[in-house]
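Student: Here it is, the structure, as C-alpha cells.
The values are calculated or read from the model by the stated rules, or taken from the named source; none is laboratory data. The model shown is predicted, which means the values in this text are computed figures rather than measured ones. Neighbour counts run over all protein chains shown; Cβ positions are idealised from the backbone, glycine included.
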Amino acid sequence: MYHFCFQGSNFLRAFRTIPEASALGLLLGDAEESAGKANFPRLIQSWNRFVLQQLIQDTIETDSGSGTERIKQMFESEVQTEVKCRCGKETERKSTSLLVTLTYPEFLPPTATRPAKEVSFSSVLQNSMLLDQTMQAWCDDCNRYQPTSQKRTYTRLPDVLSINCHLESNSDMVFWKIQEQLALARESEAHKQQLEANIASIKMCRYGQACTRQGCKFRHMDERDASNPLLQEENKASWLPHGLRIRLNKDGTIEIQEVRDEEKVESSSGFINYYLHASVGHIRDVRTGGNLIAHVQVGKTYHKRKEVRPCPNEQLQQLL
Ligand SMILES: [Zn+2]
Ligand SMILES: [Zn+2]
C-alpha cells in the first residue's frame, strides 16, 4: 500500500546493500508482503534494533568525538550483569544496551474462582530491565551447564528509552488484552462521571423538543441528546501509561513509577521523566497480513507548519 504513497527507491537501493539488513530479515519481497507471510511483529522489533545499532555505528564512523558521546547518551544504557552459578562462582560483565525487551509474568487465564489480576506496566518494565532470572548457563568451574541466576543493574539510563514489546506468544497477548480490560474497568466510574458532567454542561435548546434543526448541538431532553458529541467520548483508559518516571538507585537497581494523563509531574528525588513519544503497532488481518501503524507525538510546532503550508497566499498573509 505504501508504494503508492511515496517512492522510497533510493533508500531501498542503499538499504539492500547493508549486510545487517538482510541478516535480520528486514528485506521483504513484494510477494511475501502482500501474501501476509511476513512476521510483522518480529519485523517491527528487528527494525527497532537495527536502526538503533546503525545509528551508533554510523556516528562512530563519522565522528570520534563529542557527537558519538552525545548519541550514546541519548540511546545507550550502561548495564552490569551479574551471573552466579549454583556452585558459587560469580562473574560480572559490563555492557551497553540499546533497548529493553519486555518479558511478561506467567499468566493464567482468569476463571470464575480466580479473577484476573492487575499487573502494572511499570512493574513489567522494571522486571524486564532488571532481568532477575534463573537459567541454564555454562560454568567453567563445574565444566557443564548449571542453573544460574542472572541479575542486571544499571550505571546509566538513556535519555530515550526504546522498548520492544515482544508480544509474540498467545498467552502474552491475552495478558496484555486482559490488562487493557482491567484498566478500562478501573476508569469506568470516572468516565461515567465525566459523561454526566458533560451533559450537564450542554445548554438547553431554546426551541426545546419542537426544535427541527439538523444536528442542533443544544440539549432537547429527548433521544437526540444521546448523539451529542460530548456524550460520545470514549473511555480512553489504557494499560500503557503516557509517561514514566525512572530513578536509578545507588545500588544500580531502578524504580519506575507511571505517569497518568493529567498528573503534574515534578522532577524531584532523582527521577527522570520519560514521555510516550512514538509507537509502532501491527493491525492484524488474516487475509492481507495487516498493516503497520506508527503513532508519533509531533508537538505543536509541527501542526502549525502543516496549517500554514497548504494555504493560498492571502490566507497565508493573514496568518503572518
Ligand atoms: Zn559452577
Ligand atoms: Zn435544538
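To keep it simple, each residue is scored yes or no on (1) under 28 Å from K250 (Cβ atoms); (2) at pLDDT 90 or above.
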site	(1), (2)
T113	no, no
N127	yes, yes
Q136	no, yes
Q146	no, yes
L157	yes, yes
L161	yes, yes
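Student: Condition first: modelled with pLDDT under 90 and either near ligand 2 (Cβ under 9 Å from one of its atoms) or charged (D, E, K, R) (or both). Now tell me which residues in the range 177-202 satisfy that.
Tutor: Hits for the range 177-202 are R186, E187, E189, K192, E196.
Rundown of residues vs (1) surrounded by fewer than 16 Cβ atoms within 10 Å (Cβ to Cβ); (2) within 16 Å of ligand 2 (Cβ to nearest atom); (3) basic (K, R); (4) farther than 30 Å from L182 by Cβ, yes/no style:
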residue: E78; (1), (2), (3), (4): no, no, no, yes
residue: G88; (1), (2), (3), (4): yes, no, no, yes
residue: L99; (1), (2), (3), (4): no, no, no, no
residue: Y104; (1), (2), (3), (4): no, no, no, no
residue: P110; (1), (2), (3), (4): yes, no, no, no
residue: S128; (1), (2), (3), (4): no, no, no, no
residue: S149; (1), (2), (3), (4): yes, no, no, yes
residue: R152; (1), (2), (3), (4): no, no, yes, no
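Student: Counting only residues that are crowded, with 16+ Cβ neighbours inside 10 Å and more than 12 Å from the chain's Cα centre (by Cα), which one in the range 239-256 is nearest to T155 (Cα to Cα)?
Tutor: G252
Student: Also, quick follow-up: Can you name the residue in the range 126-162 that is among the hydrophobic types (A, V, I, L, M, F, W, C) and under 25 Å from Q53 (Cβ atoms) and is also farthest from ligand 1 (Cβ to nearest atom) among such residues? Reasoning before the result, please.
Tutor: In the first step, residues of the range 126-162 are kept if they are among the hydrophobic types (A, V, I, L, M, F, W, C); the result is 129-131, 135, 137-139, 142, 157, 160-161.
Those still in the list that are under 25 Å from Q53 (Cβ atoms) too: 129-131, 135, 137, 157, 160-161.
Working: M129: 26, L130: 23, L131: 20, M135: 13, A137: 9, L157: 32, V160: 38, L161: 34 Å.
That would be V160.
Student: Pairs, please: C-beta under 6 Å, at least 6 apart or cross-chain, first residue within 10 Å of ligand 1 (Cβ to nearest atom) and in the range 75-95, second outside any strand (DSSP E or B)?
Tutor: Taking only residues 6 or more apart or on different chains, the pairs are C87/D141; C87/C142; K89/D141.
Student: Moving on to the next point. Tell me which residues, restricted to the range 19-39, are of a type in the set (D, E) and either part of a loop (DSSP other than H, G, I, E, B) or at pLDDT 80 or above (or both). Outline the logic, then answer.
Tutor: Here is the first cut: in the range 19-39, the ones of a type in the set (D, E) are 20, 30, 32-33.
Answer for the range 19-39, where residues must be of a type in the set (D, E) and either part of a loop (DSSP other than H, G, I, E, B) or at pLDDT 80 or above (or both): just E20.
Student: With the structure loaded, tell me whether R42 is within 23 Å of A278 (Cβ to Cβ) and either of a type in the set (K, R) or touching a helix residue (DSSP H, G or I) at 6+ places or on another chain (Cβ under 6 Å) (or both) or whether it fails that test.
Tutor: yes
Student: Something else now. When the residues of the range 283-302 are narrowed to those that are over 30 Å from G29 (Cα atoms) and surrounded by 10 or more Cβ atoms within 10 Å (Cβ to Cβ), which ends up modelled with the lowest pLDDT?
Tutor: Step one: of the range 283-302, the residues over 30 Å from G29 (Cα atoms) are 297-302.
Then drop every residue that is not surrounded by 10 or more Cβ atoms within 10 Å (Cβ to Cβ), which leaves 297-298, 302.
Values: Q297: 87, V298: 85, Y302: 79.
If we take residues in the range 283-302 being over 30 Å from G29 (Cα atoms) and surrounded by 10 or more Cβ atoms within 10 Å (Cβ to Cβ), then Y302 is modelled with the lowest pLDDT.
Student: Further, regarding this structure: Please enumerate the residues belonging to the range 112-126 that are surrounded by 12 or more Cβ atoms within 10 Å (Cβ to Cβ) and either within 16 Å of ligand 2 (Cβ to nearest atom) or among the hydroxyl-bearing types (S, T, Y) (or both).
Tutor: Restricting attention to the range 112-126, the residues satisfying the condition of being surrounded by 12 or more Cβ atoms within 10 Å (Cβ to Cβ) are 116-126.
Passing the criteria: S120, S122, S123.
Student: Determine the pairs where a residue that is over 26 Å from L130 (Cα atoms), located within the range 101-114, has a partner that is assigned to a loop (DSSP other than H, G, I, E, B) and of a type in the set (D, E, K, R) with Cβ atoms under 9 Å apart, the partner being 6 or more residues away or on another chain.
Tutor: P110/K117
Student: For the range 181-210, name all the residues that are surrounded by 15 or more Cβ atoms within 10 Å (Cβ to Cβ) and over 30 Å from P110 (Cβ atoms).
Tutor: Once the filter is applied, which keeps residues that are surrounded by 15 or more Cβ atoms within 10 Å (Cβ to Cβ) and over 30 Å from P110 (Cβ atoms), the range 181-210 yields N198, I202, C205.
Student: May I pose another question? Out of A116, A112, which single residue is touching a helix residue (DSSP H, G or I) at 6+ places or on another chain (Cβ under 6 Å) and not in a strand (DSSP E or B)? Quick ask: steps written out before the conclusion?
Tutor: Values: A112 fails: touching a helix residue (DSSP H, G or I) at 6+ places or on another chain (Cβ under 6 Å).
Sole residue among the options that is touching a helix residue (DSSP H, G or I) at 6+ places or on another chain (Cβ under 6 Å) and not in a strand (DSSP E or B): A116.
Student: I'm trying to understand the selection: among the residues of the range 208-243, which are within 14 Å of ligand 2 (Cβ to nearest atom), part of a loop (DSSP other than H, G, I, E, B) and free of Cβ contacts under 8 Å to residues at least 24 places away in the same chain?
Tutor: Matches in the range 208-243: C211, T212, R213, Q214, G215, C216, K217, F218, H220, M221, D222.
Student: Would you pick out the residues in the range 190-216 that are out of contact with any strand residue (DSSP E or B) (no Cβ under 7 Å at 6 or more places or on another chain) and under 30 Å from R260 (Cβ atoms)?
Tutor: Quick first cut of the range 190-216, residues out of contact with any strand residue (DSSP E or B) (no Cβ under 7 Å at 6 or more places or on another chain) only: 190-201, 206-216.
Residues satisfying the conditions are A190, H191, K192, Q193, Q194, L195, E196, A197, N198, I199, A200, S201.
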